[in-house]
Amino acid sequence: MVHRVQKFVEIVSGRIGYALTSAALSEASDGATWEPDASFNVADAILDDPEFVSVLRVVLRDGHI
């Protein structure tokens with residue numbers, strides 16, 4: 001199984017998390033769930049904002065942000 005950095009959106013609150021798996025994210029708020037954003041693309045995120053690389057470093061080091 002190949003893991004990649006994914007973007008997750010907490011349904012209800014709109015919080016955003018980045019992680020290799022949803023299990024690495026903090027517990028969702030009451031009544032909420034973490035759902036992957038299928039449209040997220042790491043390369044596009046970096047091209048749109050080169051500072052996004054710092055987010056990737058944290059995810060790869062800690063597993064989530």
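Just a few scattered comments:
- The criterion of at least 1 residues that are of a type in the set (Lys, Arg), surrounded by 14 or more Cβ atoms within 10 Å (Cβ to Cβ) and in contact (Cβ under 8 Å) with a residue 12 or more places away in the chain is met, among strands (runs of 3 or more DSSP E) falling completely within the chain, by 6-11.
- The set of residues in region 39-57 being under 11 Å from the mean Cα position of the chain (by Cα) and of a type outside the set (S, T, N, Q) consists of 40, 42, 55, 56.
- Test: residue 19 is touching a His at 6+ places or on another chain (Cβ under 8 Å) and either at pLDDT 90 or above or small (Gly, Ala, Ser) (or both): yes
The values are calculated or read from the model by the stated rules, or taken from the named source; none is laboratory data. What you see is a predicted model, and the numbers here were worked out from it, not measured in a lab. So basically every Cβ, Gly included, is an ideal-geometry build from the backbone, and we count neighbours across all protein chains shown.
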